[in-house]
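Undergrad: Let me give you the structure first, and then I'll get to my questions.
The values are calculated or read from the model by the stated rules, or taken from the named source; none is laboratory data. Because the structure is a prediction, the values reported are computed rather than measured. Here the Cβ positions follow ideal geometry from the backbone for every residue, glycine too, while neighbour counts run over all protein chains shown.
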Amino acid sequence: MITLGVDLGSRTTKAVLRSDGEILARRILMTGWAPAGAAMSARAAVVADAGLAPDDVEATVATGYGRVTVPFPAKTVTEITCHAAGAASVLPRVRTVIDVGGQDSKVIRIDRFGLVSDFAMNDRCAAGTGRFLEFMAQSLEVEIGAFALLGAKGREPADLSSICTVFAESEVLSLVAEGAEVSDIVAGIHRAISRRIVTLAQGVGLVPPVAMTGGGALNPGLRHHLAQLLGTEILIPPHPQTMGAEGAAIIAGRE
């Protein structure tokens, strides 16, 4: 059975095409200002990559913040359920999933079947999200890739008293003016975000093994400080950004 999972995130749209447990194709596109168009483009891309036609897809599940805008027939499922299913399929032993996306972050506790037992979500503040990191990188005039690497290199992470975007920027600029090492400032930013995620984890009761999904999983600075504060190894699936879409494709097959 050929199934499609589409994850319409705030920054990127991910699509995964699956058949009988095998991934046929996966794509990541920018969402832009037209989520419906991004969904159509992502579907067309993965279907073409697999050498198939849209009519060959037998079931589709849409997830993510823009899931209700999908312009083709699809069941909608929350991204929490989809990230749990995706991570569990790749890393069956995992019991906690930390998803750091562009606009929110989530900590999801799952059982041995990959079903959600509990979760906590930060979707009302930029702190603890990919967007916050991008904003801080822009403030320091550091390319985001270099920013992510610097986050793991600071020897004395700066102590930020606030992770409100406006106040944090002011603190960061003050640290620059005082002559603080950029690597220490960036490490301090990553550590502050990690503390926010740890608070979410404490709310649901962290159970190892722990996996990280979403774009945040590609950030070595964030992984480094989060693992330190949690006191446990963090596992990264091969394609962390598409775990939501992969989980959606799995659920489409179940449905």
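Undergrad: What residue, among those in segment 224-243 that are under 19 Å from G114 (Cβ atoms) and of a type in the set (V, I, T), is surrounded by the most Cβ atoms within 10 Å (Cβ to Cβ)?
TA: Checking each candidate, the answer is T242.
Undergrad: Consider A87 against the criteria (1) out of contact with any Pro (no Cβ under 7 Å at 6 or more places or on another chain); (2) closer than 28 Å to I234 by Cα; (3) touching a residue at least 60 places away in the same chain (Cβ under 8 Å): it satisfies all of them except one. Which criterion is unmet?
TA: The one condition A87 does not meet is (1).
Undergrad: Also: Would you point out the residue of segment 116-155, among those that are polar (S, T, N, Q) and at pLDDT below 85, that is farthest from E178 (Cα to Cα)?
TA: N122
Undergrad: Restricting to segment 5-45, give me the number of residues that are in a strand (DSSP E or B) and touching a Pro at 6+ places or on another chain (Cβ under 9 Å).
TA: The qualifying residues number 2.
Undergrad: Identify the single condition in (1) over 23 Å from G86 (Cβ atoms); (2) of a type outside the set (G, A, S); (3) in contact (Cβ under 8 Å) with a residue 40 or more places away in the chain that L133 does not satisfy, given that it satisfies every other one.
TA: (1)
Undergrad: Return the only residue of G253, G214, G221, G203 being crowded, with 24+ Cβ neighbours inside 10 Å and under 30 Å from K75 (Cβ atoms).
TA: Exactly one of G253, G214, G221, G203 is crowded, with 24+ Cβ neighbours inside 10 Å and under 30 Å from K75 (Cβ atoms), namely G214.
Undergrad: Another question, then. Here is a list of conditions, (1) under 30 Å from D56 (Cβ atoms); (2) modelled with pLDDT of 95 or more; (3) of a type outside the set (F, W, Y); (4) not assigned by TED's automatic domain parsing to the domain that holds D20, and I251 meets all of them except one; can you say which number that is?
TA: (4)
Undergrad: So in segment 1-18, with the set limited to residues that are surrounded by fewer than 24 Cβ atoms within 10 Å (Cβ to Cβ) and farther than 21 Å from G32 by Cα, which one is modelled with the lowest pLDDT?
TA: Top of the filtered list is M1.
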